[in-house]
Amino acid sequence: MNKAIKFSIGLVFSIVGMVYAFRQFNWIEFIDSLRGVNYWYLLGAMSLQLGAVWLRALRWKWLLVPIKNVPVRITFDATIIGYFGNSVLPVRMGELLRAYVVANNSTLSVAQVIGSLIVERMLDILGVVILALIFLINFDIINIPNWIIFSIVLITITLFGLLFLISSKKNNWQFIKKRKYLFQSKIGSKIYDVLKNIVTGLSVINHAPNKIGVYGFIFVLWGMYYLSFIFVVNSVNLGLNWVDSGVLFLLLSLAISIPAAPGYIGTYHATCVGALTTIYNIGLGESQAFAVLAHAMMFVPIVIVGSIFFLKNSMKFSKLKSLETVES
């Protein structure tokens with residue numbers, strides 16, 4: 001899909017989300033809801049967010065070792081810059097920025113790095129699914145049908161199975177490409193490259209030097225994200241217990257996958273306000289204030305720190321044109 005079309009669709013979703021989230025907006029009620037915020041909780045939330053970036057960078061280093069031993073300093077720079085890119089650039093260029101930074105500071109190609117990023121995304125999906133199981137089983141505000149719980153368990157088992165199966169295989173990609181007519185066309189060649197990146201990326205898990213760390217960080221990282229969100233909830237005394245907070249956290253984690261303007265503006269706020277007012281029966285003004293605060297805590301520290309590393313790496317927005325060429 002054309003990038004302009006993607007951006008336009010995301011912009012529409014963001015505008016609709018902002019209109020929905022901030023309908024009947026009242027400044028006085030909004031400010032009153034933010035009074036008495038416990039900034040120590042917010043400081044703890046920001047520290048956990050930044051700490052999780054470093055741990056994610058360490059895990060990424062382990063994933064890259066079978067291809068190239070990249071220093072954690074470089075993977076950290078790339079990770080924080082990637083988050084910065086997702087927050088300020090259209091069509092989520094952050095992931096491509098991450099690959100570019102590592103490739104630009106090593107002998108790896110962007111295509112090689114992208115394979116490891118696909119692994120990261122699958123590990124993140126596993127983290128979300130595991131949290132969904134924990135929270136939904138204990139969620140008593142809404143009766144969750146058993147088929148939903150069963151489906152989540154099945155997805156979890158399937159994803160783990162695919163990770164172990166594909167990571168243990170070695171495929172002769174040139175052999176496949178030469179004998180499959182599908183891969184001879186221009187579109188087929190792109191399909192071939194995507195499939196190769198996915199399976200090559202997954203295969204690095206089998207050769208990672210710290211497999212326990214790679215899989216263990218699923219729980220550590222998502223535990224830190226969840227705890228960070230708990231701190232934000234407690235900073236305004238929203239009155240949600242650990243399960244209710246967890247379900248809201250899951251909904252917001254899913255919300256950032258919806259097409260939106262940079263920084264997930266609108267879609268994040270609409271999901272937060274909609275959940276708080278309809279599921280938890282919290283007032284509109286209080287819900288709007290929390291949506292703004294939670295979004296700020298999730299993005300502002302990352303944008304500030306990421307922009308510093310972006311400039312430190314002597315990157316320019318003009319270089320993004322080369323990234324678009326790689327992506328297309």
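Observations, loosely collected:
- Any hit, segment 80-87, residues being over 18 Å from TYR264 (Cβ atoms), under 15 Å from the mean Cα position of the chain (by Cα) and at pLDDT 90 or above: no
- Only listed residue being in a helix (DSSP H, G or I), surrounded by fewer than 19 Cβ atoms within 10 Å (Cβ to Cβ) and out of contact with any strand residue (DSSP E or B) (no Cβ under 9 Å at 6 or more places or on another chain), chosen from ILE80, ILE15: ILE15
- Answer from ILE279, ILE302 - the residue that is surrounded by fewer than 18 Cβ atoms within 10 Å (Cβ to Cβ) and in contact (Cβ under 8 Å) with a residue 24 or more places away in the chain: ILE279
- Residue identified as assigned to a helix (DSSP H, G or I), under 18 Å from the mean Cα position of the chain (by Cα) and touching a residue at least 40 places away in the same chain (Cβ under 8 Å) among LEU97, LEU42: LEU97
- So ASP140, is it closer than 28 Å to TYR100 by Cβ, modelled with pLDDT of 65 or more and among the charged types (D, E, K, R): no
The values are calculated or read from the model by the stated rules, or taken from the named source; none is laboratory data. Keep in mind the model is a prediction, meaning the values are calculated, not measured. Because the Cβ atoms are built from the backbone with ideal geometry, glycine has one as well, and the counts that use them run over all protein chains shown.
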